[in-house]
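A short write-up of the structure that comes next.
Derivation of every value follows stated rules applied to the coordinates shown; laboratory data play no part. Not measured: the values here are computed from a predicted model. Every residue, glycine as well, gets a Cβ built from its backbone with ideal geometry; the counts of neighbours run over all protein chains shown.
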Amino acid sequence: MTAEPAAVHDPPRTRSTRTADSRALILDAAVACLVESGYTGASTLAVQARAGVSRGRLLHHFPSRAELLVAAAGHLSSTLLAEVQERAAAVMADEPTGPERVDRAIDLMWATFQEPPFWAAMELWTAARTDPQLRAALRVEERRLRAAIRRVADGIWGPQIASAPRYAEVCELLFTSMRGVACVYAFADRPAATDPHLALWKGLAARMLSARTEG
């Protein structure tokens, strides 16, 4: 008689693994609430219900609503930035140079402002105007996120363009301008990929990146 093979059991999860899984579950639920229902609808009770965790578990990870939602926005943005890096690797696989690389980089940047993380961030920025606790928490996350965005942008543009004298100015100008224009798409009924600002950004970036600094 052939013996039955021994059952294979997964190794028991460590406490740190369970904690990380629980935190990720809560953040995913908060992201979903924030994107689908906005800041007002993303209450701690709504997040708790969606995540299926106890009140104590949620408060253990995130003592305040502000900390929870800012962490959720950071979680979502980090995920998006990783996706942008993968997308950029595919788009820039043939290693374009000069104006063609500038055009592709701007198209990639603009596309990120049509993604859920942008709208989640908009909800938080708007609410932070009248919520001091949220504003303080968001300020810290914003600095971390801007640094991460800069690293991703450097990879998209490539070392040759990133070493241009006015590169930092171009990135800041594009970021702030795209953020403002993207707000229109909360109610605009037209495809963002054909926005007239795209041609303006591309022409302006090409001129600024090829210009020498005065000195």
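Quickly rank 27-36, 104-113, 140-149 as a protection proxy: mean count of other C-beta atoms within 10 Å, highest first.
Details: 27-36: 21.5, 104-113: 19.7, 140-149: 14.1.
Averaged packing, sorted descending, gives the order 27-36, 104-113, 140-149.
Suppose only helical runs count, i.e. DSSP H with n ≥ 4. What mean residue ellipticity at 222 nm does that imply for the chain under -39500 (n - 2.57) per run, divided by all residues and rounded to the nearest 500 deg cm²/dmol?
Rounded to the nearest 500, it is -24000 deg cm²/dmol.
Given 0.36 nm per residue, what is the gain on full extension from GLU36 to VAL184 after removing their alpha carbon distance, in nm?
On the way: separation 148, 0.36 × 148 = 53.28 nm, distance 1.85 nm.
Answer, rounded to one decimal: 51.4 nm.
Relative to the longest principal axis of the chain, what angle (0 to 90°, nearest 10) does the C-alpha long axis of helix 132-157 take?
Orientation of helix 132-157: about 60 degrees from the principal axis.
Can you give me the P(r) profile for the chain? Cα pairs, bins 10 angstrom wide beginning at 0, each as a whole percent.
7, 27, 28, 19, 11, 4, 2, 1, 0
Quote the relative contact order of the chain in percent (integer), defining contacts as alpha-carbon pairs under 8 Å separated by 6+ residues. Don't skip to the answer; put the middle values down first.
Working: 143 pairs, mean separation 46.5, N = 215.
Value for the chain: 22 percent.
For THR126 paired with LEU45, estimate the spin-label separation in nm (one decimal), with each label point 7 Å from Cα along the Cα-to-Cβ line.
With each label point 7 Å from Cα toward Cβ, the separation is 2.3 nm.
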